[in-house]
Amino acid sequence: MKKIRVMITGVAGKMGQELVRAITQQKDMLLVAGCDISQVGKDAGEMCGIDAIGVIIEMDLGVTLREVRPDVVCDFTFGEALRKNLPLYLENRVNMVIGTTGLTPEELKNLEDECKQREIGCLVAPNFAIGAVLMMQFAQKTSQYMERAEIIEFHHPQKKDAPSGTAIKTAEGINEAKDQTYEEKSYELLPGSRGGHLGSVNIHSVRLSGFVASQEVIFGGEGQTLTIRHDSLSRVSFMPGILLAIRKMAKSKQFYYGLDKIMKL
């Protein structure tokens, strides 16, 4: 059986390390390279607490892509790093699974156009937890029957962007389903106390130690409320979704935004 050759960018980060452990347990995948600006020269397996796997962490992304020629590259870095990495992925015509958030709608559209022009497969997802994807689906369905919705998202303090990509995609789905605007009538004694606004949805971002990734979507209607909540208690929760994405993108030349696009929902 031909194995899927996978490369991880941001391999020394928490998501990258968890993904190393996950990929090495798959019979149909082979980790062939890892890039990062830290832990350079170390074995990727030993770095994340398992046996050595013979994959040495490199810093030069362009050289590594040309030498290794992976089937799929997984990017779990941060917004500014991703913006520098994308031209190299496109230049080397490698299929992508992107979990890094922070791209603007315009940047996502440009990436989609570039991928289609070059016939490169790419999946960009704000959240790879299956439960989070279902939460977004439930929220979109619920919004057709409830008057208003607000989102509270919780992440660890190291997360650089706010609101989260998951919150933005959830709000986009709610706005699409409702197709109506809402005029905010509250007067803020403290500016920002009502959160950020995306269409008819207010989004509130919490950054505290102890959280990995959680989100509440709170709906209000006449005489009732409904709360949909998802919690990722560890980064292991993201692995099934990432592995699903890798398998899909190893044989696809399509562009997808959201894990739901490749799930049978």
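Quick notes on this one:
- Residue within region 207-216 that is surrounded by 13 or more Cβ atoms within 10 Å (Cβ to Cβ), hydroxyl-bearing (Ser, Thr, Tyr), within 15 Å of the chain's Cα centre (by Cα) and within 21 Å of residue 98 (Cβ to Cβ) present: no
- Whichever residue in region 54-69 is within 17 Å of residue 92 (Cα to Cα) and out of contact with any Cys (no Cβ under 9 Å at 6 or more places or on another chain) and, among such residues, is surrounded by the most Cβ atoms within 10 Å (Cβ to Cβ): 68
- The residues on offer are 166, 100, and the sole one that is β-branched (Val, Ile, Thr) and in a loop (DSSP other than H, G, I, E, B) is 100.
- Beta carbons closer than 6 Å, at least 6 apart along the sequence or on distinct chains, pair a first residue in region 119-146 that is touching a residue at least 60 places away in the same chain (Cβ under 8 Å) with a second that is of a type in the set (Lys, Arg) for 119/253; 120/93; 121/253; 126/169; 143/178.
- Of residues in region 57-85 being of a type in the set (A, V, I, L, M, F, W, C) and under 15 Å from the mean Cα position of the chain (by Cα), the one modelled with the lowest pLDDT: 78
- Enumeration of residues in region 94-108 that are within 19 Å of residue 254 (Cβ to Cβ) and of a type in the set (Gly, Ala, Ser): 99
- Filtering region 64-73 for residues that are under 28 Å from residue 168 (Cβ atoms) and touching a helix residue (DSSP H, G or I) at 6+ places or on another chain (Cβ under 8 Å) leaves a non-empty set.
- Looking across 109, 84, 116, one residue alone is assigned to a helix (DSSP H, G or I), surrounded by fewer than 19 Cβ atoms within 10 Å (Cβ to Cβ) and either among the aromatic types (Phe, Trp, Tyr) or touching a residue at least 12 places away in the same chain (Cβ under 8 Å) (or both). It is 116.
- Checking residue 255 against (1) more than 30 Å from residue 90 (Cβ to Cβ); (2) under 21 Å from the mean Cα position of the chain (by Cα), the condition it does not meet: (1)
- In region 190-205, the residues that are under 18 Å from residue 169 (Cβ atoms) and either touching a His at 6+ places or on another chain (Cβ under 9 Å) or not in a loop (DSSP other than H, G, I, E, B) (or both): 195, 196, 197, 198, 201, 202, 203, 204, 205
- Residues of region 1-35 classified as within 18 Å of the chain's Cα centre (by Cα) and part of a loop (DSSP other than H, G, I, E, B), total: 4
- Annotation: of all residues in region 147-170 being among the β-branched types (Val, Ile, Thr), surrounded by 22 or more Cβ atoms within 10 Å (Cβ to Cβ) and within 15 Å of the chain's Cα centre (by Cα), the one that is farthest from residue 207 (Cα to Cα) is 170.
The values are calculated or read from the model by the stated rules, or taken from the named source; none is laboratory data. Not measured: the values here are computed from a predicted model. Backbone-built Cβ (ideal geometry, glycine too); neighbour counts: all protein chains shown.
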